[in-house]
Amino acid sequence: MSEELIRVEKIHKNFGVTVALKDVSFAVERGYVYGLIGENGSGKSTVSSIIAGMQPATSGKMYYKGQEWAPVSMLHAQEKHIGMIVQEAGTIPNISVAENIFLGHEKLFQKGLFVNKAAMEKAAQALLDKLEITEFKAGQRAGTLDMQARKVIEIVKCLYWEPDLLIVDETSTALSYEGREFLYRVLKMMKEQNRSVLFISHDLDEMMEHCDRLTVLRDGVLIGTLEKSEYEPGRIRQMMVGRELQGNYYRNDMDPYEEEVVLEAQCITTMKDLLCFDMQLHKGEILGIGGLSHCGMHTLGRALFGVDKVIDGEVIAGGAKINSPKAAIARRIGYVSKNRDQESLGLSATIAENIASTGYRINELFRGIISFKKEAKYVDEQIESLSIKCAGKNYKVNTLSGGNKQKVVIGKWLASDSQILILDCPTRGIDVGVKAAMYKLMYEMKKAGKSIVLISEELSELIGMSDRVLIMKDGKVTAERLRTEGLSEHDLINYMI
C-alpha cells in the first residue's frame, strides 16, 4: 500500500442550518489520481476547499504527511505544497499572466520598494516554455485571453509551487479538447513524480479513465468508494443520484424536423473567427455545432443572437434582420452563453429578478406598469417546472449550485416562450441528474416544434442529441452529418483537427 498523503476524518461543515458535509472520511495516497464525484451540492467542492485552506471545517480532523492539518489560508496551503484550481474564474483580468502566476508572492521579485516585473515575467515565461505552452506569453494581460487560456494560467500558477497535492475542481469543464489534453498530461506527470491529484469533475467518462479511485458524495454524505476495477457507469450514476438512471440518457429516436427555415446565417463575417459563414436552422430541429475551442463555434452563437457584430452578410429570423440581442428577443430567440456567470446571469440579483428579466412585456398591466401577481406566477412556474433547488425565489443567484444556476438561465427563456434557443455548452459544469433533465427538456422542445442550436465541445452530446451536426474548423464548416448516418466520435474528430 502506498504512503498516505492526506487524510480527512469525520469532517462536518455547516452553513447556518444547512449541513454541507456530514461525517466525511477518505484518504489520498501518493502517486494516485483520486476522484470525487457527485451531483451539484453534494459537497465535493466544500471538502476540497477545506483541504486547500479556503474555509475551516465545523468539526473533524485532517492529516497531511502524517501531521495534523488545519490550514489558515490558501497561501498557507500553497507554501506547504497543496495547490487548488478553483471551479470559478481564478485570474485577475487587468494584470499580466506573470502577475497572476505570482499573485501574493511578489516579494520573490522585490528590490527595495519596487517589484522587478521583468524578472517576474522571465520566471513565468520559463515555466510556460517548460510546460510547452505557446498560445500566450507571460507579459500579456490576462483579460485579453479566453476562458480556456485563463484556466491554463491557474494550472501553471499551481504547478510553479510544485504541489504534492493538486486539487482540480471542475477545471476540465472550462477547457476544450486541447486544454483537456494539457490537463491530462499534468495528471500523468503528477503520478509519475509520486505526487497526487484530487480530481473533481461531472464528466463520468473522464473520471473513469483518469482516476485510480473514485469516491461518490451525495447531499454531503460519502456514499462509497470504488477501485478502478469496480467502475461501471450505471452503478456510479445510481450512487450519485440515489436512483437508477436508465443507461443512455440521450435521444433514441429518429424523429424528423420540418423544411421551414426559422434562423439563417447568410454569408456572415464577424470581426474575428467567421468569414462568409452560411447556416440554416429548421423548425423542430436540434442543430449541433462542434469543433475545437478556437474553431469559431462560440463566436457563431454570439453572432446569431446579435451579441457579436456581423460586419458583412446577415442573420435572418422570421424575415427580420438580427443585429442585436433586442432584435433577437423580439423574434423569440433565447441565448445561453458558455460564460454563464459573466454573460447569462445577474449573480447579485435574485432568482426571481433573473427569470422575470425576459417577461416585462408579458407581465405588463399597461405601459411600463408590471403586474406583480403575473410576474410572481411567471417566476414560480419555472422554479416548479424545472425543479430549481433554492431556499426561495428572492435569494440571490450566486447562492445556487452550478446546475441550478443553469436552470435559472434556461427558465428565463422558457418563461418567455422562446421558439429558438441558442445553447452554448449548456451542460458544462452540471451533474448527471441535471444533464438528464436538460436533454429531456431539449427533446420536449423539439417535439413542440421549437428549434435549438446546440454548440458543444462534447462530441457524445452532439451525436446523442442532434438531428444534424456541423463540424467547424478555422471558422468554416468541414463536415455536415445527419443523425441517420450512424455518427461516431472518431469520424467527427477527423474533421476537427
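No lab work stands behind these numbers, since they all come straight from the coordinates. Fair warning: this is a prediction, and the values are worked out from it, not measured in the lab. Cβ sites come from the backbone with ideal geometry, for glycine too, and all protein chains shown count toward neighbours.
Here are some notes:
- In range of the label at residue 460: residues from region 134-174 whose backbone nitrogen is under 18 Å from the point 7 Å along Cα→Cβ: 170-174
- From most to least packed by mean Cβ count within 10 Å, the peptides 324-335, 43-54 give 43-54, 324-335.
- In a fully extended conformation the segment linking residue 185 and residue 365 would gain 58.9 nm over its present Cα-Cα distance, using 0.36 nm per residue.
- Between region 13-82 and region 402-460, the alpha-carbon center distance in angstrom: 32 Å
- Cα-projected label distance for residue 134 with residue 476, points at 7 Å along beta-carbon direction, nm: 2.2 nm
- Think of the chain as a dipole: +1 on every Lys or Arg Cβ, -1 on every Asp or Glu Cβ, centred on the Cα centre; then among 270, 493, 346, 346 lies furthest on the positive end.
- For the listed residue pairs 191/405; 137/338; 65/396; 10/228, the alpha carbons are over 31 angstrom apart in 191/405; 65/396.
- Within region 429-456: backbone nitrogen closer than 17 Å to the residue 255 label point (7 Å, Cα to C-beta): 436-454
- Nearest-0.05 FRET efficiency for residue 225 and residue 115, computed from C-beta distance (R0 41 Å): 0.35
- Inter-site label distance for residue 267 and residue 490 at 7 Å from Cα along Cβ, in nm: 4.0 nm
- Residue 478 long-range amide H proximity, modeled H, under 5 Å: 471, 472, 473
- Theoretical ellipticity at 222 nm over the chain - DSSP helices of four or more residues, -39500 (n - 2.57) apiece, nearest 500: -9500 deg cm²/dmol
- Using Cβ point charges alone (K and R +1, D and E -1), the dipole size of region 65-178 about the Cα centre works out to roughly 480 debye.
- Label reach from residue 309 (point 7 Å along Cα→C-beta): in region 144-162, amide nitrogens under 20 Å belong to 144-145.
- With neighbours defined as other Cβ atoms within 10 Å of a residue's Cβ, the residues 176, 466 order from fewest to most as 176, 466.
- Simple label model, 7 Å out from Cα along Cβ direction - residue 398 to residue 448, nm: 3.2 nm
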